Amino acid sequence: MTADNDTSSAQHNHTLGVWRDYALGYKAVSVFLVSLICGLGMVGNIMVILVVLTTKHMRTPTNCYLVSLAAADLMVLTAAGLPNITDALHGQWVYGYAGCLGITYLQYLGINASSCSITAFTVERYIAICHPIKAQFLCTLSRAKKIIMLVWALTSIYCIMWLFLSATQTLVYDNVVLISCAYKVSRSQYLPIYFIDFAVFYVLPLMLATVLYGLIARILFLNPLPADPKDSTSKWRRGTCKVEGRMISASSSSSTTAASRRQVTKMLAVVVILFALLWMPYRTLVVVNSFLDKAYLDNWFLLFCRLCIYLNSAINPVIYNVMSQKFRSAFKKLCHCGAQHLEKPTSCSVALTYSVIKDMSNAESPDHFTTEMEELNTPSDHVVPTGMPTTARKMLLEEPSLLGKGAQT
């Protein structure tokens, strides 16, 4: 992060005492941990972007927001991590005036865009699960792309102010003269901006997420799942058919989808919780320092706060890999880790809707229809072989779906 301006506000004709370089242990730990976290985080976020862009069935509204989040995290890791390494090694700013403006701008752009992306996919999950009929028209791929472009446009404009608040400063010590990237104004003047950032891009998103995930949990975990509107006066028809010696249950697909929706919601909730926890040390430090006459700037604690921020930007791909079967399979395919010449496992392609009457599907746009479909790899006991007879396949697919597209991740 950009250096505090308390020391840099000293006049050039007054020295700041004797400058002491960072301890060797601090340099070693800082460079190693920052390089490790940022390096792995960059690789992971690039993989997230690649698997969504190159895999057709991964291009869902939710995953579009995750691509936006990955791009923002990449920006944070690059613009904040690299200067931290050079600062530990050289003890001063080495990227010049233009670098000071550009890197400060990109830091805050990445931070704010990541917060907005998290808010966007939280609202998308809420609409998809709690308002499935509205989701037919609101949670589409094209709309997700427009929202992402709007998020990046607004945050780009908002962060322009940092281009006018940042500048390089000359620090004159008794034994050395150093260059730092700091703020043009004193701490008391830029703190209101910090508090605006704190409220708009941290407190409000977390408050909104708390409320929306509470409503989502009520639907997914406490209340019965909503039924199809056209079947509101009749019971769910449960049927089975025997194909090639294997029992096929139509209700099993809805059970699998329900579990998948819950798992996706849990995964996104974990992303939000980690965002709250890992940003808390730095946000708290800024708030506390605003009430102190002399800011608390212990090097080790600052390193801890920065590592938490870098970890927040690096850990999301790990969460996707652990909690999402689709991402895990896509990552393996991207890395060529899977058995490439093995026979492709049989799968069941199930049409999933937001519990809206299917008669409307003929009037849907191609883009809209894409968001209604999902490939599910069902358990082996309920798999529909791809080569099954047409009549048997029809018996399965004619059953109405209880669930929407909620498990698209």
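Brief remarks on what is shown
- When ALA182 is tested against (1) part of a helix (DSSP H, G or I); (2) at pLDDT below 90; (3) buried (at least 18 other Cβ atoms within 10 Å of the Cβ), only condition (1) is not met.
- Single residue of LEU150, LEU106, LEU101, LEU138 found to be of a type in the set (A, V, I, L, M, F, W, C) and farther than 26 Å from ILE196 by Cα: LEU138
- Criterion violated by THR78 - all others in (1) under 26 Å from ILE160 (Cβ atoms); (2) crowded, with 23+ Cβ neighbours inside 10 Å satisfied: (2)
- Taken over region 253-312, the residue count meeting the criterion of being among the aromatic types (Phe, Trp, Tyr), crowded, with 17+ Cβ neighbours inside 10 Å and more than 21 Å from GLY44 (Cβ to Cβ) is 1.
- Taking region 304-334 as the range and being hydroxyl-bearing (Ser, Thr, Tyr) and without any contact (Cβ under 8 Å) to a residue 40 or more places away in the chain as the test, only SER329 passes.
- Selected residue (only one of THR15, THR78 is farther than 30 Å from LEU212 by Cβ and in a loop (DSSP other than H, G, I, E, B)): THR15
- Cβ pairs under 8 Å, 6+ apart, first in region 180-206 and closer than 23 Å to LYS294 by Cα, second assigned to a helix (DSSP H, G or I) and aromatic (Phe, Trp, Tyr): TYR183/TYR190; LYS184/PHE164; ASP197/TYR108
- The one condition from (1) of a type outside the set (Lys, Arg); (2) more than 16 Å from the chain's Cα centre (by Cα); (3) over 26 Å from LEU208 (Cα atoms) that CYS159 does not meet is (3).
- Candidates VAL318, VAL322 - the one that is surrounded by fewer than 18 Cβ atoms within 10 Å (Cβ to Cβ), modelled with pLDDT of 50 or more, under 24 Å from ARG262 (Cβ atoms) and in contact with a Lys or Arg (Cβ under 9 Å, 6 or more places away or on another chain): VAL322
- Members of region 92-107 that are part of a helix (DSSP H, G or I) and surrounded by fewer than 24 Cβ atoms within 10 Å (Cβ to Cβ): GLY96, TYR97, ALA98, GLY99, CYS100, LEU101, GLY102, ILE103, TYR105, LEU106, GLN107
- Residue check, ILE127 part of a helix (DSSP H, G or I), under 21 Å from LEU285 (Cα atoms) and touching a helix residue (DSSP H, G or I) at 6+ places or on another chain (Cβ under 8 Å): no
- Going through (1) at pLDDT below 50; (2) of a type in the set (D, E, K, R); (3) assigned to a helix (DSSP H, G or I) one by one, GLU343 falls short only on (3).
- Scanning region 139-148 turns up at least one residue that is out of contact with any helix residue (DSSP H, G or I) (no Cβ under 7 Å at 6 or more places or on another chain), part of a helix (DSSP H, G or I) and at pLDDT 90 or above.
- Close Cβ contacts (under 7 Å, 6 or more residues apart or on different chains) running from residues in region 111-128 that are in contact (Cβ under 8 Å) with a residue 40 or more places away in the chain to residues that are of a type in the set (Asp, Glu) comprise SER114/ASP73.
The values are calculated or read from the model by the stated rules, or taken from the named source; none is laboratory data. Quick caveat, the model's predicted, so the values are computed rather than measured. As a convention, Cβ positions derive from the backbone with ideal geometry for all residues, glycine included, and neighbour counts pool all protein chains shown.
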